[in-house]
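Worksheet for the structure shown next.
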Amino acid sequence: MAEAAPDLTGGVETPRSIAIIMDGNGRWAERRGLPVAEGHRAGTRALRRTVEAAIDLGVESLVVYAFSTENWARPVDEVADLMAIFGDTIERELPDLAEQGVRTRFVGRRDRAPDSLRGQMERLERETASNRRLHLWIAFDYGGRAELVEAARRLVADGIDAAAIDDDALEARLYEPELAAPDLVIRTSGEQRLSNFLLWQSAYSELVFVDDLWPDFGPDQLRAAIADYAGRRRRFGGR
């Protein structure tokens, strides 16, 4: 008889969809006397181990906040470093995840990304399109308000009568209607706000705030957040 697989969740209910606001790279680097770029590079390593832990825990969809519409206001050198790090991550970290069955897609704007990075994104999406073990969504140049404004514009452009507009009509015009509403949203670094992330999709998500800076996040913190989630009763506005 085959040996049963170990229960990596500790017996708690695993959310099907998780979203993570990856916060604290800059502070992590500052505390170590390192350039901010080193914090972002450490953050990419945290992403890989977190995705691998999510696979082991049976998570179906993971969406991470990598770069917001507001992040363009950061110093020019930092933005340039981030664009280069994104490219390196696509080339060095994400292919190994693809071999583990991870499908990667990007949500948000792309028109402001460097041409080379945009090409890398498109190629990775094509190459992982048939993977089904875990859906990894990377929110790049993403803002929840911008997404809702764009959805409203699409409703107008499609000639939808005001009386016909409902949740389904608007949701169908979000950046990626296939993106699952997260059961659980995790934010690292001790900050307690959504920062314009998945404003529509997170309407009834459970929120867990973690003190660890993102580069220090990993399987233990993910399991702890899931255990916190499992101890809650989701009411969705009911009793």
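For (1) touching a residue at least 24 places away in the same chain (Cβ under 8 Å); (2) outside any helix (DSSP H, G or I); (3) touching a strand residue (DSSP E or B) at 6+ places or on another chain (Cβ under 9 Å), each residue gets a yes or a no:
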{"residue": "20", "(1), (2), (3)": "yes, yes, yes"}
{"residue": "26", "(1), (2), (3)": "no, no, no"}
{"residue": "30", "(1), (2), (3)": "no, no, no"}
{"residue": "33", "(1), (2), (3)": "no, yes, no"}
{"residue": "38", "(1), (2), (3)": "no, no, no"}
{"residue": "45", "(1), (2), (3)": "yes, no, no"}
{"residue": "54", "(1), (2), (3)": "yes, no, yes"}
{"residue": "80", "(1), (2), (3)": "no, no, no"}
{"residue": "85", "(1), (2), (3)": "yes, no, no"}
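Of all the residues in region 93-122, those that are within 17 Å of residue 83 (Cα to Cα) and β-branched (Val, Ile, Thr) number 1. Considering each residue of region 139-154 in turn, at least one proves to be out of contact with any Asp or Glu (no Cβ under 8 Å at 6 or more places or on another chain) and among the hydroxyl-bearing types (Ser, Thr, Tyr).
Set side by side, the residues 105, 123, 132 differ, and just one is surrounded by 15 or more Cβ atoms within 10 Å (Cβ to Cβ), of a type in the set (D, E, K, R) and over 25 Å from residue 39 (Cβ atoms), which is 105. In a residue-by-residue description of region 186-193, the property of being among the polar types (S, T, N, Q) and under 20 Å from residue 67 (Cβ atoms) applies to at least one position. Name every residue in region 71-89 that is within 16 Å of the chain's Cα centre (by Cα) and loosely packed, with under 15 Cβ neighbours inside 10 Å, in order of residue number. Matches in region 71-89: none. For region 191-210, the tally of residues that are assigned to a strand (DSSP E or B) and aromatic (Phe, Trp, Tyr) stands at 1.
For region 87-135, a residue qualifies if it is charged (D, E, K, R), within 18 Å of residue 44 (Cα to Cα) and in contact (Cβ under 8 Å) with a residue 40 or more places away in the chain, and the qualifying residues are 88, 93, 96, 105. Please tell me if residue 143 is crowded, with 17+ Cβ neighbours inside 10 Å and in contact (Cβ under 8 Å) with a residue 60 or more places away in the chain. Against the criterion (crowded, with 17+ Cβ neighbours inside 10 Å and in contact (Cβ under 8 Å) with a residue 60 or more places away in the chain), residue 143 qualifies. Could you please let me know if residue 118 is assigned to a helix (DSSP H, G or I), of a type in the set (D, E, K, R) and either surrounded by 14 or more Cβ atoms within 10 Å (Cβ to Cβ) or modelled with pLDDT of 95 or more (or both)? Spelling it out, residue 118 is indeed assigned to a helix (DSSP H, G or I), of a type in the set (D, E, K, R) and either surrounded by 14 or more Cβ atoms within 10 Å (Cβ to Cβ) or modelled with pLDDT of 95 or more (or both). When 157, 180 are checked against the criterion of being modelled with pLDDT under 95 and among the small types (Gly, Ala, Ser), 180 stands alone in meeting it. Out of curiosity, is residue 42 farther than 25 Å from residue 17 by Cβ, buried (at least 16 other Cβ atoms within 10 Å of the Cβ) and not polar (S, T, N, Q)? So residue 42 fits the description; yes. Only one entry of 12, 79, 64 meets the criterion of being modelled with pLDDT under 95 and touching a helix residue (DSSP H, G or I) at 6+ places or on another chain (Cβ under 9 Å), and that entry is 12. Checking each residue in region 175-190 for being part of a loop (DSSP other than H, G, I, E, B) and either surrounded by 14 or more Cβ atoms within 10 Å (Cβ to Cβ) or in contact with a His (Cβ under 9 Å, 6 or more places away or on another chain) (or both) picks out 175, 176, 178, 179, 180, 181, 182, 183, 188, 189. Filtering region 211-232 to residues that are out of contact with any Lys or Arg (no Cβ under 7 Å at 6 or more places or on another chain), modelled with pLDDT of 95 or more and not in a helix (DSSP H, G or I) leaves 211, 212, 217.
The values are calculated or read from the model by the stated rules, or taken from the named source; none is laboratory data. Since the structure is predicted, the reported quantities are computational estimates derived from the model, not experimental observations. A quick note on method: Cβ atoms are made from the backbone with ideal geometry, for glycine too, and the neighbour counts reach across all protein chains shown.
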